[in-house]
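Okay, so here's the structure we're looking at.
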Amino acid sequence: MSQSEGAIVLNSYKPNEISGSSMDHEAHLREKAFTKKVKEKRDDRDLRKYKLDQIRLMKPSKKIKAPFENMKISCSEFLDDLTEREYCSRCGKSRKYFCYTCYIPVVSITDRVPRLKLPCKVDILKHPKEIDGKSTAVHAAVIAPEDVRIFVYPDIPDYSLDDGVLLIFPDKNALSLENLWPTLERRLSRKPSEPESKRNRYELPFTRAVFIDCTWNQTKKIRNDERVKGLQCVELKERETLFWRYQRGKPNTYLATIEAIYYFVIDVHTNVLSREYKNDYDDLLFFFKYMFEKIHSLYDTDVLLAYKDV
């Protein structure tokens, strides 16, 4: 199997000159044995069985280069200084970077985490089996706390009587954002024939956007709930995900929740409000970018199944 086909690619090993120490010789033999073992098991891509020092022997991938280079995301280097966990100021539980149940940063970095105001309100309906510490939805609530709410299913609002709520979901009857304005104007008894120049393009034709936070195999129960299923669905433009959590059998256009929210507010900003986008919401990806780069500093994308087709 060639290097380009293999799951794991290792740095070529050039040992220092072996001294007379049997301990150095044994360490060298153990490292060679590990290298041989990994090469023999290229199809085994689960790195959780390897120790950190072993993972660091693997070459970083050259396939994904600077995916955030055209964005203006606040510097997150200070997060590297958090070597210890802290207690959440609200619930008292031990956390790193932010509390994923209270949706606030840990005290020592509260003033350094960016805060955003979004163009619309956002609700996130989280599946009860979605692990709190792994959900990217929390990033949105931490960075835009005035505009983002998170509910754990089945404890969710009843949207059935609210005409101004959208469900961001790729349903067969979903609208694109480009077609959203005239459709909602008709639904809200406005005048779709009124010249566009006379409309207030700085007011949205909806009050809230709802996202479902779970794996794609878990969406059916929430999507078909009576409180949700009557909502107008909106489908995002197709983009490729940078998320590192692999979903078996799903294409790389299935976005992480924070990615979906990010692209949605950009599309609202440009297509619905007709404003020029000037990196206004890039900081929504503040924690996502940091974790992406942290993972890619340790893992080779050749061994992360999420990037198999990148």
Self-check item: Sorted by Cβ neighbour density within 10 Å, fewest at the top, the residues R90, R227
Solution: R90, R227
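Order by neighbour count: E259, E146, E293, E69, fewest other Cβ atoms within 10 Å first, most last.
Numbers: E259 20, E146 9, E293 12, E69 6.
Least crowded to most crowded, the residues run E69, E146, E293, E259.
Which pairs in the list K172/K229; K126/K220; K134/K220 are over 18 Å apart, alpha-carbon to alpha-carbon? The partial results should precede the final answer.
Details: K172/K229 13 Å; K126/K220 13 Å; K134/K220 21 Å.
Where the Cα-Cα span goes over 18 Å, the pairs concerned are K134/K220.
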Practice problem: Could you list T83, T241 in order of exposure, starting from the residue whose Cβ has the fewest other Cβ atoms within 10 Å? | Solution: T83, T241
Quiz item: Under a point spin-label approximation (7 Å from Cα along Cα-to-Cβ), what is the R275-M71 distance to one decimal in nm?
Solution: 1.9
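Values quoted throughout were computed directly from the atomic coordinates according to the rules given, and no laboratory measurement underlies them. A quick note: this is a predicted structure, and the numbers were derived from the prediction, not measured. All Cβ positions, even for glycine, are placed from backbone atoms using ideal geometry, and neighbour counts span all protein chains on display.
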